[in-house]
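The values are calculated or read from the model by the stated rules, or taken from the named source; none is laboratory data. Note that the structure is predicted; figures quoted are calculated from it, not measured. Note that we place each Cβ from the backbone using ideal geometry, even for glycine, and neighbour counts take in every protein chain shown. Keep in mind that these areas ignore ligands, DNA and RNA; they rest on the heavy atoms of the full protein, side chains included. Shrake-Rupley method; radii C 1.70, N 1.55, O 1.52, S 1.80 Å.
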Amino acid sequence: MMLKRLLLAMIALLVLAGLILGSVGYWWLSQKNLNQTSVVVVIEKGQSLNSMAQQWEDQGWLRSALRLKVAARLTGGARDVRAGEFIIPPGLSSLSILPYLAEAQTRTYRVSLIEGRRLSAALEALSQAEYLQQDLGALTVERVSDYLGLTVHAEAQLYPDTYVYHRNQPVSEIITQAHERLNKVLNEEWQARVANLPYTSPYEALVMASIIEKETGVASERPVIAGVFVRRLQKNMRLETDPTVIYGLGESFDGNLTRAHLRDRSNPYNTYRNKGLPPGPIALAGREAIRAALNPAEGTELFFVARGDGSHYFSSTLEEHNKAVRRYQLSRRSDYRSAPKAEQSSGETD
């Protein structure tokens, strides 16, 4: 009987000691870490818990690498931690860090490719995007064309949008995503096009959409401008649009479009001298511009001129157009090019 009581007493003491040790251990692991504000951490692919814990302790915000390793051993939480960049809020303990990382969203970044801008500007934005891995080297138009395996000019082959990425994500993934998005949008809009358009392929529609994108930033005008250009093509009239000429001038263009530029037959993008569409797109085109090119507004307008406030005045006759030019352009531009002969006369000339 005495032995039994002694055994029970020892068991009770062991249980009590275990409870005390457990309480002390829980208190030890539950102490908040030292960061008073949020901390950004980067977990590399394949990085071990030991190296992470030591790194964070050395950074001064993790109270103890040992505590985190003990917590990981007790909970098995290290198995669920993913590579990526995370924001650790203040107030987390060693017990709560790993469960938090298992559920937290990795930090993301954004880069925007702007419609109406050239591919070179989009590539510059991608090359300067923070934490985007430049796995293709210098982002040139030629390199991107080779990477995508293009058989057409690379201009406009990326869809303008804002792309979300993670730290150290390869830039090639964004380029592939933007190119696939362009093809998807272009094919969707091509399937929904109206009949009797002067295009033989989606690529030609993209060429037109890029011109529309450069001609106006007013959304409601896109179908109207598309209608003007489509009717001009159907009537075998030249498009006569400044943005194509400027694109063909390339780096030599200094901001001043002259009459000599408009007369230059050596520029393949000079739509004042060459009939039909230019050889390729001149800018990134969004869905609305593509839709306008494939669903132009009906009407009789063959000309338009900038009012000076971002919008345009549309005319059906050369006489009306010339009046609009005098009203909106000649009074403020000494080098303004008025419309030429009726069979060659123009759309946009600003």
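Annotations
- Across every direction, the projection of the convex hull enclosing the Cα atoms of the stretch 201-342 has a mean area of 8.2 nm².
- Using only side-chain charges placed at the Cβ, +1 for Lys and Arg and -1 for Asp and Glu, the dipole size of the chain relative to its Cα centre rounds to 840 debye.
- The phi-based Karplus calculation (6.51 cos²θ - 1.76 cosθ + 1.60; θ = phi - 60°) puts the 3J(HN,Hα) values of the stretch 304-321 at 8, 9, 5, 7, x, 10, x, 9, 10, 9, 9, 10, 9, 10, 5, 4, 5, 5 Hz, whole numbers, x for Gly and Pro.
- Per-residue surface analysis assigns His261 an accessible area of about 50 Å², computed on protein heavy atoms at 1.4 Å probe radius.
- Label-point separation in nm, Ala121 to Tyr100, each point 7 Å along Cα→Cβ: 4.2
- The stretch 281-328: GluC sites (Glu not before Pro) in DSSP coil with no more than 16 other Cβ atoms inside 10 Å: Glu298
- Nitroxide proxy distance, nm - points 7 Å out along Cα→Cβ at Asn187 and Glu251: 3.6
- If the segment from Lys235 to Ser112 were pulled out straight at 0.36 nm per residue, it would be longer than the present Cα-Cα gap by 40.5 nm.
- Acute angle (nearest 10 degrees) that the helix 171-191 long axis makes with the longest principal axis of the chain, alpha-carbon atoms: 50
- Solvent accessible area, Å² - Lys323, 1.4 Å probe, full protein context: 110
- Taking every protein chain into account, the accessible area of the chain amounts to 52 square angstrom per residue (probe 1.4 Å).
- Cut-off 15 Å, label 7 Å out along Cα→Cβ of Tyr131, residues of the stretch 58-82 by amide N: 82
- A probe of 1.4 angstrom, applied to the heavy atoms of all protein chains, finds Phe314 with accessible area near 40 square angstrom.
- Relative contact order for the chain: 14 percent, from Cα pairs under 8 Å spaced at least 6 residues apart, divided by residue count.
- Amide H contacts under 5 Å for Arg167, placed H, 5+ residues apart: Glu85
- When the solvent-accessible area of the stretch 172-323 is split by element, carbon and sulfur atoms take up 45 percent of it, the probe being 1.4 Å.
- Most to least accessible of Arg222, Arg143 (protein chains only, probe 1.4 Å): Arg143, Arg222
- Cα gyration tensor category, rounded, prolate or oblate, for the stretch 88-155 with a/c compared to 1.5: prolate
- For the Cα trace of the stretch 67-197, dividing Rg by the Kirkwood Rh returns an Rg/Rh value of 1.17.
- With 0.36 nm allotted per residue and the present C-alpha distance subtracted, the His153-Ser38 stretch has 36.7 nm of extension available.
- The packing ranking of peptides 132-142, 192-202, highest mean first, is 132-142, 192-202, where packing means the average number of other beta carbon atoms within 10 angstrom of each residue.
- Values [x] 1.23; [y] 0.98; [z] 1.30 are given for comparison; Rg/Rh (Cα atoms, Kirkwood Rh), derived from the coordinates here, is the one labelled [z].
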